[in-house]
Amino acid sequence: MTSTNETHDPKLRSWVTSANSGASDFPIQNLPFGRFRRTGSPEDLRIGVAIGDQILDLRSTGLIETADMNILMTMSLKERHRLRAAISEGLRAGSDRQAAWANALQPQSQSELALPCRIGGYTDFYTGIHHATSVGKLFRPDQPLMPNYKWVPIGYHGRASSIGVSGQRFKRPQGQVKPLDTDKPVVGPSRRLDYELELGFIIGRGNALGEPITIADAEEHLFGVTLLNDWSARDLQAWEYQPLGPFLAKNFATTLSPWVVTMEALAPFRAKFDRSPGDPQPLPYLESGANRERGALDIALEVWLQTAKMHAAGETAVRLTHCNTAQAAYWTAAQLVTHHTVSGCNLQPGDLLGSGTLSGPAQGEAGSLLELTLGGKQPIGLPNGESRSYLEDGDTLTLRGYCERQGMVRIGLGEVSGTVLAA
Ligand code: CA
């Protein structure tokens, strides 16, 4: 597991002055990776590092040779550390690289961001125990959590083809819904469209088929973290989910933030993995001292909504909810990697593992409308007089994430937005 080093020094400043404002998600202590091109140009995607309101074109600096993020992500931990140190040094105030690298900068405002890498496989987990409990209560009041929940990280294989980058606009899904008062299902647009507040873990180095990744090695295979919105059609889900789990309720769109914040950047923002003594303790393959000590992530998360009416009136988004990852997740990212491969399954560079909906312990900290509105029974009032049980056409939903700690410079994950269009 990465420890802090000189690249995390809170005293570091960049010659890219917008990185030093204290308000930017991308100070020199962050250095997240993404893919970009000039807005409207047909040029190939380039690998960039966000710094303040700029993007550093990494290949132009001479630090990397590949133009393929999926190849870059297969670097060993040592190579990743070396690259991060070189980027940090070159961007530091006073660096002799400034004159050369100034030409490698491009304003984010003039850039089009793509998905950070090619995503081959997408697996969505269910680590949010408060989410699992609240949702379970809606369906099974006497047994909200299934007996396996505290033993095995629950997950399913999702759909990669419909994953889009922040700014994704997608049509409300249609599908089968079974109304309570009829015997037969009907087909039509979902009326219970929801979001799910999640983190997306991006796999760097893969493993060979049949060769599980141990918990000790798990983080070496994790390249970094993004924000992920797992849009969910609750009415489709309720009808189709038994016995094999989610299918069409989830496969129409999933939206990812463009910047991958590396595990190295997150080193100052790790937290203890706590397992209450009354709960089953993880089986040995999911257990390690390092995972206990610093396996969890101290990332604050927020959800913002702007309706079409608010947009038309020039009103800014309103915050629906907020929570902290460390309090929400029952399993750590390392445990997800290890569990995913214990069968011998091979992960590949660019695979995406979703955390599952992250909800805090309090009612107002829920990471989905299903929970916030108690299954649609308690609509949320918005400042302009509108209300929401579920998402409506024209709604734009934005997830944000950031890390703050005493004595460290705040870093952000940026944001992921998506807009619902009519079916
Ligand atoms: Ca999910």
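Here the chain has 52 percent of its accessible surface on carbon and sulfur atoms, given a 1.4 Å probe and all protein chains in place.
Computed over the chain, relative contact order equals 22 percent, with contacts defined as Cα pairs under 8 Å that lie 6+ residues apart.
Considering only alpha-carbon pairs that sit under 8 angstrom and 6 or more positions apart, the relative contact order computed for segment 1-127 is 30 percent. Of SER111, ILE299, ALA329, which is farthest along the charge dipole of the chain in the positive direction, counting Lys and Arg as +1 and Asp and Glu as -1 at C-beta? The residue sitting farthest along the positive end of the dipole is SER111.
Our summary gives segment 196-352 a relative contact order of 34 percent, counting only alpha carbon pairs under 8 angstrom and 6 or more residues apart. Taking the charge dipole of segment 6-113 about its Cα centre, with +1 at Lys and Arg Cβ atoms and -1 at Asp and Glu Cβ atoms, the residue from LEU12, ALA100, ILE71 reaching farthest to the positive side is LEU12. Of MET75, MET310, the order by accessible heavy-atom surface (1.4 Å probe, DNA, RNA and ligands excluded), from most exposed downward, is MET75, MET310. Shape analysis of segment 6-113 places it in the oblate category; the axes a ≥ b ≥ c from the Cα gyration tensor give an a/c of at least 1.5, with a/b not above b/c.
Could you give the accessible area per residue of segment 6-113, probe 1.4 Å, as a whole number in Å²?
Working: 4960 Å² over 108 residues.
Ligands and nucleic acids excluded, the figure is 46 Å² per residue.
Distance from the Cα centre of segment 198-251 to that of segment 24-49, in angstrom? Using only Cα atoms to place each centre, the spacing works out to 25 Å. Using heavy atoms of the protein chains and a probe of 1.4 Å, the accessible area assigned to ILE202 is about 0 Å². In the context of the full set of protein chains, residues of segment 334-423 present 34 Å² of accessible surface per residue (probe radius 1.4 Å, heavy atoms only).
Ignoring ligands, DNA and RNA, how do HIS130, HIS8 rank by accessible area with a 1.4 Å probe, largest first?
Details: HIS130 55, HIS8 5 Å².
Ranked list, largest accessible area first: HIS130, HIS8.
Around the Cα centre of the chain, unit charges on the Cβ atoms of Lys, Arg, Asp and Glu (plus for the first two, minus for the last two) sum to a dipole of about 200 debye. Distance from the Cα centroid of segment 280-359 to that of segment 119-156 is 13 Å (rounded to whole angstrom). For the peptides 222-229, 261-268, 364-371, 242-249, the ranking by mean Cβ contacts within 10 Å, running from highest to lowest, is 222-229, 364-371, 261-268, 242-249.
The values are calculated or read from the model by the stated rules, or taken from the named source; none is laboratory data. Owing to the predicted nature of the structure, the values given are computational and were not obtained by experimental measurement. Glycine gets a Cβ as well: all are built from the backbone with ideal geometry, and neighbour counts include every protein chain shown. The accessibility values were calculated without ligands, DNA or RNA, using every heavy atom of the protein model including side chains. Shrake-Rupley method; radii C 1.70, N 1.55, O 1.52, S 1.80 Å.
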